[in-house]
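Report on the following structure.
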Amino acid sequence: MSHDLGFWTLQALNALQLSMLLFLLSIGLTVIFGLMHFVNLAHGSLYALGAYFAASLAAVGGYWAGFFLAPVAVAGVGVLLYSGLIRRMRKSGPMAQVLVTFGLIFALLDLTRIIWGDLALAIEVPALLDGRVALLGVEYPTYRLFVIALGAVIFAGLAFVLGRTQIGAMIRAGVDNDAMAACLGINVERLFFMVFCVGCALAGLAGAVAAPLLSVTPDMGLQILIPTLIVIVIGGLGSLRGAVAGSLIFGFVQTFGAVLAPQLASVLIYALLAAVLVIKPVGLFPAKG
Amino acid sequence: MFRHTALRYTALVLLASGALFQALTAEYFGLEILTEILILAMLVLALDIVAGFGGMVSLCHGALMGVGAYAYAILSTKAGLAPPVAMAGAIALTGATGWVIGAVCARSHGIYFIMATLAFGQMAYSYVFEAPIFGGDDGLGGISRLDLSLIGVDLNDSRSFALFCLALLGAVYGASVLILRSGLGRSLSGVMHNEQRMRALGLTVWRIKADVFGLSGMIAGLAGALAAQHIMYISPGLLSWTVSGEALVVVILGGLGTLVGPLVGAAAFVVLKHELSAVTTYWHLVVGVLLIAVVMSRANGIFGWIEARWGIWVERRVADATRKQDPEEVTGDA
Amino acid sequence: MKRAILAALGLATGLAVPATAQDIKVGLLLPFSGVYAALGNDIEAGFATALEQFGAETETTFEIIREDTEVKPPVALGKAKKLILQDKVDVMAGIVSSGVLGAVRDMVHGAGVPLIVANAGNDEATGAACSPYITRMSFSNGQVNRPMGQWMYDQGIRKVYTLAPDYAAGRQMIDGFVQTFTAAGGEIVGQEFTPFQKTQDFGPYMAQAKSSGAEAVFVFYAGGEAISFVKQYDSFGLKADLPLYGSGFLTSPLYVNAEGPAAEGVITALHYVPTIDSPANATFVEAFKAKTGRIPSEFAVHGYDAGRALIEAVKAGATDRESLANALRQVRFDGPRGALSIDPATNNIVQPIYVYETVAGEGGLTQKVLAQLPAEADPANGCEMAAPVSN
């Protein structure tokens, strides 16, 4: 089968779109981990919640209602989780955090089944973003381009906040050395709380955005969790650059690997993860060191 | 260091007699549950050795058990080896896999170690899922049990198989105690408390970790071979990371680092799961909430909590006994 | 004297007590939790509907014991053992996943308990691993797809690209199609098997299909993957140049509405659609809607016909495990799907296949039947079984 330029363009766009989706998810998780040293395995479940909230809101107010309000709803859930659980578990070791968030995965999985049932839900792509755009010689779905654009906008926004605002400087200081930052008078606790909620909102946004593309099922959170972990570990913990790098690496390896060497692709990505963890555990572009 | 206290001995005796009673009197479904508990107990014993006594929290033990199960299945069905040989092969193979994982991950710590084991577990899962020889998602069937007709035991009978598993579990427990009390076990304890110091003392830390992980892998492999024989059918789901997660949950539920605790945890978990799923389809929710509660309570699981309470009770009695003497001594001199 | 009178009274009482009605215990082994719960519920509802509608045709009463397989082979095997050894059921019905069927097959065969398969489609269950105790009332993976090969060729299509998830069912479904399509003279220009339950983005594979030079695409996907696939296929605008065909699970009534307008125009083949125009089907659809409030899916009709088959077997005089197993192999009746019978060589159902197009209707998407292809038994597939004893 011969692959023309159009094929490669199409695949590259697909890879980019997957990367952007993972970027939205991983940026929240990596900053939470880099700043709070807290492993939130339930991040995937928050993504699923975002998709479910978006589905319910879209049924009432259309796609955009879901798009804007689902992240808010998930951030609200984040507030509950933080005050109820996370704040108490912050000082515990990694194993305790893994277990608590593991328990959270179970609990949230069944909660979504209780509230929304077992059948798959769907959201329609909004009329504005329906259809295809002729780009670089191929016809590419407009909605997927929207996802790519959204990822880029969020990246630019976060880069601005982290790099040029005082809050961003405080966050970076906290990631670097939270004890020292506290000594300097930065209210680290409040910073953590804010970062956690924003991370949850981003996960919810990722869910709302992914819902029209993929289907909304109870186990979608579990499915996206491992790819997200791979992204943040390979890319580097705690940094924006790391999240982008990790997402791009995963997106391109997965997409091109899937069509060129499908059997190998899944083993390859885990082998890559293992290699990074063993050789340079902090990842490619960590915030520290 | 692992010591047997009076409390632990009592717990062991109670567990063993309970299991024996169940094995001899229960109906078929009860025997099924018992066998499930025994095999899970073996797996979590393996996990407690590395996690509770070695500080190496592993999310790949489910995958190791799966490796053992598939190794036994392939060796006994496709390669045509006799079951005892296949079992030995499965144990050896899983032990080797565990050793390699332990060696490669030896330099990682904390969350990185956990994620590295997760990565290896998932690699094994993907590989088994894709490779056609393993039957893919449909799994492998037609697995036969060990043939003990030489000593007049038919393992195809549920009761005999349950007793067989109980005997093996006892042997594994004894072996675990021996490992923990040996030189290797003491070195492991040292490594868990302070790696740098052990290195300064001249010990090869990565070797210690790898060796212990390998031994733990052998136990997990045995559990896997038994699981394959129990159901006489295996599928890739055995290697999923959620199984490893559940094993970790059981260890925590029972009591990390107590060796007896995980046995209690296994029994409690399996019974709880069966009772709950008979009542509701949402038992994941209950297990999740329970797990969060147990972890946040900072008690070391059921058995850890019992031991702590017992310790306090004993302390109080000793304090009471010694307190009575002091005033008399003081007034005696005056 | 007194003793004689008492004895006579006792004898008279004994004779006067009417013969108790036969009570058949049925073990229903289905997933009631997890992602397949919806299918399990549909099958159970269909089964209950059949018992309600046809139960009056026999004096036997049925006692149903339900157990949840959780779609996990070890769990299912434990529950099967419980049903067989502890509850001592006379017959079992259900099984959604082929993995679960593989796990319980040996146990069912060894214990001699008849099992009516109400979904699991793996070819070996009525092939190399067949058993006189396992009767399949649902379908086999090859059976549902073989007729499409010839049909698509007859429509003038010569080059096809196939896609399916990479697991046994996916491969068997595609194999069934490829066999007949190439035998008719068509050409398969490319095949791709996507990682099962791990693929969420089918974009890369669709790009490959597009550049392969095919005239049409034939796929098998089910459940969440089907929803994602159909929607993504539509979003790439491929349907105009590269029409989408497939196995009917792609647009199953159970979830086709989640696919929305993207599913319109997709032509698939399945052994049942709720819009089959026959009196038997009309009765079934009405009864099912009255009972559950929704339109029956193919899973519901599996349960319905399983219940009907059981009743037919009982009507033929079967009372215990052996006789039930024997009678079930010989059932034949007209159901919502059309004329049904069991092929005694494989114990698999013989049924017509319907080619249909998904179109917009009032109240959602509906299925427009394009053709009814005749019923054919599975060809020789490695099953070796003694013939049943005639009723």
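With C:Phe218, C:Phe202 as the choices, which residue is in contact with a Phe, Trp or Tyr (Cβ under 6 Å, 6 or more places away or on another chain), among the aromatic types (Phe, Trp, Tyr) and closer than 22 Å to A:Leu21 by Cα? Full working, then the answer.
On the way: C:Phe218 fails: closer than 22 Å to A:Leu21 by Cα.
Result of the check over C:Phe218, C:Phe202: C:Phe202.
Filter segment C:206-231 down to the residues that are at the interface with chain A (Cβ under 7 Å from one of its Cβ atoms) and closer than 23 Å to A:Glu139 by Cα and list them by number.
Residues satisfying the conditions are C:Ala207, C:Gln208, C:Ser211, C:Ser212, C:Ile227, C:Ser228.
On the given criteria, is C:Leu365 closer than 19 Å to C:Phe177 by Cβ, in contact (Cβ under 8 Å) with a residue 60 or more places away in the chain and over 20 Å from the mean Cα position of the chain (by Cα)?
Numbers: closer than 19 Å to C:Phe177 by Cβ: no; in contact (Cβ under 8 Å) with a residue 60 or more places away in the chain: yes; over 20 Å from the mean Cα position of the chain (by Cα): yes.
For C:Leu365, the condition - closer than 19 Å to C:Phe177 by Cβ, in contact (Cβ under 8 Å) with a residue 60 or more places away in the chain and over 20 Å from the mean Cα position of the chain (by Cα) - is not met.
For B:Gly54, indicate whether it is assigned to a loop (DSSP other than H, G, I, E, B) and under 21 Å from A:Ala96 (Cα atoms).
Values: assigned to a loop (DSSP other than H, G, I, E, B): yes; under 21 Å from A:Ala96 (Cα atoms): yes.
It is true that B:Gly54 is assigned to a loop (DSSP other than H, G, I, E, B) and under 21 Å from A:Ala96 (Cα atoms).
From the list A:Leu69, A:Leu80, pick out the single residue that is free of Cβ contacts under 8 Å to residues at least 60 places away in the same chain, touching a Phe, Trp or Tyr at 6+ places or on another chain (Cβ under 8 Å), open to solvent by 10 Å² or more (accessible area, probe 1.4 Å) and not β-branched (Val, Ile, Thr).
Working: A:Leu80 fails: touching a Phe, Trp or Tyr at 6+ places or on another chain (Cβ under 8 Å).
Only one candidate passes the filter, namely A:Leu69.
Just wondering, is there one or more residues in segment C:337-347 that are at pLDDT below 85 and either more than 29 Å from C:Leu244 (Cα to Cα) or open to solvent by 70 Å² or more (accessible area, probe 1.4 Å) (or both)? Working first, answer last.
Initially, segment C:337-347 is screened for residues at pLDDT below 85, giving none.
The answer is no; no qualifying residue exists.
Check segment A:84-97 and report whether any residue there is farther than 21 Å from B:Ile111 by Cα and touching a residue at least 12 places away in the same chain (Cβ under 8 Å). First the steps, then the outcome.
First, pick out the residues of segment A:84-97 that are farther than 21 Å from B:Ile111 by Cα: A:84.
Imposing the further condition that a residue be touching a residue at least 12 places away in the same chain (Cβ under 8 Å) reduces the set to none.
No, every residue in segment A:84-97 fails to be farther than 21 Å from B:Ile111 by Cα and touching a residue at least 12 places away in the same chain (Cβ under 8 Å).
Is it the case, given these coordinates, that C:Leu39 is in contact with a Gly (Cβ under 7 Å, 6 or more places away or on another chain) and touching a residue at least 60 places away in the same chain (Cβ under 8 Å)?
On the way: in contact with a Gly (Cβ under 7 Å, 6 or more places away or on another chain): no; touching a residue at least 60 places away in the same chain (Cβ under 8 Å): yes.
No; evaluated as a whole, the condition is false for this residue.
Please go through segment C:77-98 and give me each residue that is in a strand (DSSP E or B) and of a type in the set (Ser, Thr, Tyr), ordered by number.
Initial filter on segment C:77-98 (in a strand (DSSP E or B)): C:91-94.
Scanning segment C:77-98 gives no hits.
Can you name the number of the only condition in (1) open to solvent by 30 Å² or more (accessible area, probe 1.4 Å); (2) part of a helix (DSSP H, G or I) that B:Asp154 fails?
Status for B:Asp154: all satisfied but (2).
Determine which member of the set A:Gly151, A:Gly174 is open to solvent by less than 40 Å² (accessible area, probe 1.4 Å) and at pLDDT 90 or above.
Details: A:Gly174 fails: at pLDDT 90 or above.
Answer to the check: A:Gly151.
Could you pull out the residue among B:Trp305, B:Trp241 that is within 29 Å of B:Val13 (Cβ to Cβ), under 21 Å from the mean Cα position of the chain (by Cα) and among the aromatic types (Phe, Trp, Tyr)? Write out each step before concluding.
Values: B:Trp241 fails: within 29 Å of B:Val13 (Cβ to Cβ).
Residue meeting the stated conditions: B:Trp305.
Sort out which residues of segment C:26-76 are more than 14 Å from chain B (Cβ to nearest Cβ), in contact with a strand residue (DSSP E or B) (Cβ under 7 Å, 6 or more places away or on another chain), in a helix (DSSP H, G or I) and among the aliphatic types (A, V, I, L, M), and write them in order of number.
Within segment C:26-76, C:Ile43, C:Leu51 qualify.
Within segment A:87-105, work out how many residues are among the basic types (Lys, Arg) and facing chain B (nearest Cβ under 7 Å). Step through it out loud before you land on a result.
As a first pass, look at segment A:87-105 and keep what is among the basic types (Lys, Arg): A:87-88, A:90-91.
Filter again for facing chain B (nearest Cβ under 7 Å), leaving A:88.
Adding up the residues that qualify gives 1.
Out of B:Ala268, B:Ala247, B:Ala308, which single residue is open to solvent by less than 40 Å² (accessible area, probe 1.4 Å), away from chain A (no Cβ under 14 Å) and modelled with pLDDT of 85 or more? So that I can check it myself, show each step before the final result.
Details: B:Ala247 fails: away from chain A (no Cβ under 14 Å); B:Ala308 fails: open to solvent by less than 40 Å² (accessible area, probe 1.4 Å).
The unique qualifying residue is B:Ala268.
When the residues of segment C:86-104 are filtered to those that are surrounded by fewer than 24 Cβ atoms within 10 Å (Cβ to Cβ) and facing another protein chain (nearest Cβ under 10 Å), which remaining residue is farthest from C:Ile116 (Cα to Cα)?
Within segment C:86-104, the match that is farthest from C:Ile116 (Cα to Cα) is C:Gln86.
Condition first: open to solvent by 10 Å² or more (accessible area, probe 1.4 Å), within 12 Å of chain C (Cβ to nearest Cβ), at negative phi and touching an Asp or Glu at 6+ places or on another chain (Cβ under 8 Å). Can you find one or more residues in segment A:267-281 that meet it?
yes
So B:Glu32 ticks every box in (1) more than 14 Å from chain C (Cβ to nearest Cβ); (2) in contact with a helix residue (DSSP H, G or I) (Cβ under 6 Å, 6 or more places away or on another chain); (3) crowded, with 24+ Cβ neighbours inside 10 Å but one. Which box is left unticked?
With respect to (1) more than 14 Å from chain C (Cβ to nearest Cβ); (2) in contact with a helix residue (DSSP H, G or I) (Cβ under 6 Å, 6 or more places away or on another chain); (3) crowded, with 24+ Cβ neighbours inside 10 Å, B:Glu32 is out only on (1).
From (1) open to solvent by less than 30 Å² (accessible area, probe 1.4 Å); (2) more than 9 Å from every other protein chain (Cβ to nearest Cβ); (3) closer than 26 Å to A:Pro262 by Cα, pick out the condition that doesn't hold for B:Ala116.
For B:Ala116, the exception is condition (2).
Among the numbered criteria (1) away from chain B (no Cβ under 11 Å); (2) assigned to a helix (DSSP H, G or I); (3) open to solvent by 10 Å² or more (accessible area, probe 1.4 Å), which single criterion is violated by A:Ala54?
(3)
Before we move on, is A:Leu41 open to solvent by 10 Å² or more (accessible area, probe 1.4 Å) and outside any helix (DSSP H, G or I)?
Working: open to solvent by 10 Å² or more (accessible area, probe 1.4 Å): yes; outside any helix (DSSP H, G or I): yes.
Yes, satisfied.
So how many residues does segment C:209-219 have that are open to solvent by 10 Å² or more (accessible area, probe 1.4 Å) and either without any contact (Cβ under 8 Å) to a residue 24 or more places away in the chain or in contact with a Leu (Cβ under 7 Å, 6 or more places away or on another chain) (or both)? Outline the logic, then answer.
Of all residues in segment C:209-219, those open to solvent by 10 Å² or more (accessible area, probe 1.4 Å) come to C:210-215.
From what is left, the residues that are either without any contact (Cβ under 8 Å) to a residue 24 or more places away in the chain or in contact with a Leu (Cβ under 7 Å, 6 or more places away or on another chain) (or both) are C:210-211, C:214.
Final tally of qualifying residues: 3.
The values are calculated or read from the model by the stated rules, or taken from the named source; none is laboratory data. As the structure is a prediction and not an experimental result, all values here were calculated from the model. Every residue, glycine as well, gets a Cβ built from its backbone with ideal geometry; the counts of neighbours run over all protein chains shown. For accessibility, only protein heavy atoms count, side chains too; no ligands or nucleic acids. Shrake-Rupley method; radii C 1.70, N 1.55, O 1.52, S 1.80 Å.
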